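Where a number appears in this text, it was derived from the coordinates with a stated rule and is not lab data. Keep in mind that what you see is a predicted model, and the values were worked out from it rather than measured. Note that each Cβ is placed from the backbone with ideal geometry, even for glycine, and that neighbours are counted across all protein chains shown.
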Amino acid sequence: MDETVVRECTTIEEFDNCIDLQREAFGLPDIEISPRRHLIVSRQAGGWTLGAFVGNRMVGFVHHLAAVRDDNEIFGYSHMMAVARDYQNKGVGARLKWAQRERAMNEGRKYIKWTWDPMQARNAHFNLNRLGVLVESYGDNFYGTDYNADPDQAVDDLPGLQSDRLFANCSRGEEAAVQSKPVSAVAIPAEWSTLIRDDVEKARAEQVRVRDEFKQAFAEQLVCAGFERGQEQSRYLLYSRDSV
């Protein structure tokens, strides 16, 4: 297999490849796809897109924005990452995220932020266990009802669910280092996509339960810094703030 090379996307053709990868990886209608103009304009405003290439083929990308937080500090916001289906679970996503982190830190950024769906065990494992992020906040229905799950705008007959998200915090040189046992946990069901297809009402109830448990934990000043995968269910691990 050819070596995977990570470099910045700069051409119209490469940005169009990013659009194709969004369609393949996310399965969303075009109204939910970030267009070429978005990628080009963000590059002019301090952001960038890194592509993973095998030979001449782009097999993944990560899109990074410049953002501002308290005291006018510029930080990195990772808007999205997509990997071709035949290259998933082969380390491409990790290569992209580490390359993103290295470039952002070289630009003087001390902090990068991004989101993921809390019901997706694979993403949770990747972000918490491999990248070592911390989670301290939860976004209710962050993007609005997902188009690929809205009964009035269905794609492949998937029913409507809200787009809840966890916020990953990645600070310079600070992977989460847990000093004690977890004090609480939030369980998520196995085979989430199957549950949506087979019992959407139960899926909605599970989403609300997970939302409520996370928000209660964060209100109690707990932080999420680990994840356990299981056959029947998986668990987010929560710790006291002073132990991480």
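In a simple Cβ point-charge model (Lys, Arg +1; Asp, Glu -1; nothing else charged), the chain has a dipole of about 840 debye relative to its Cα centre. Taking other Cβ atoms within 10 Å as a rough exposure proxy, Glu201, Glu228 sort from fewest to most as Glu201, Glu228. Legend: ranking of residues Trp98, Trp48 from fewest to most surrounding C-beta atoms inside 10 Å; resulting order Trp98, Trp48.
If you sort the three axes of the alpha carbon gyration tensor as a ≥ b ≥ c, you get a/c of 1.5 or more for the range 1-68 and a/b no higher than b/c, which makes it oblate. Label the range 1-142 by shape, choosing from rounded, prolate and oblate, from the square roots a ≥ b ≥ c of the eigenvalues of the Cα gyration tensor; if a/c is under 1.5 it is rounded, and otherwise prolate applies when a/b is larger than b/c, oblate when it is not. Verdict is rounded for the range 1-142. With the simple spin-label model, which puts each label point 7 Å out from Cα in the Cβ direction, the Lys181 to Asp20 separation comes to 5.2 nm.
Taking amide H atoms as placed 1.01 Å from N in the peptide plane, the amide H of Phe142 lies under 5 Å from those of Ser163, Asp164, Arg165, each 5 or more residues away in sequence or on another chain. Panel note: the C-alpha atoms of the chain, placed on their principal axes, show extents of 47, 44, 39 Å (largest first). For the chain, adding -39500 (n - 2.57) for each run of n ≥ 4 DSSP H residues and dividing by the number of residues yields -9000 deg cm²/dmol at 222 nm. Approximating the spin labels as points 7 Å out from Cα along Cα→Cβ, the Asn89-to-Arg69 distance works out to 3.4 nm.
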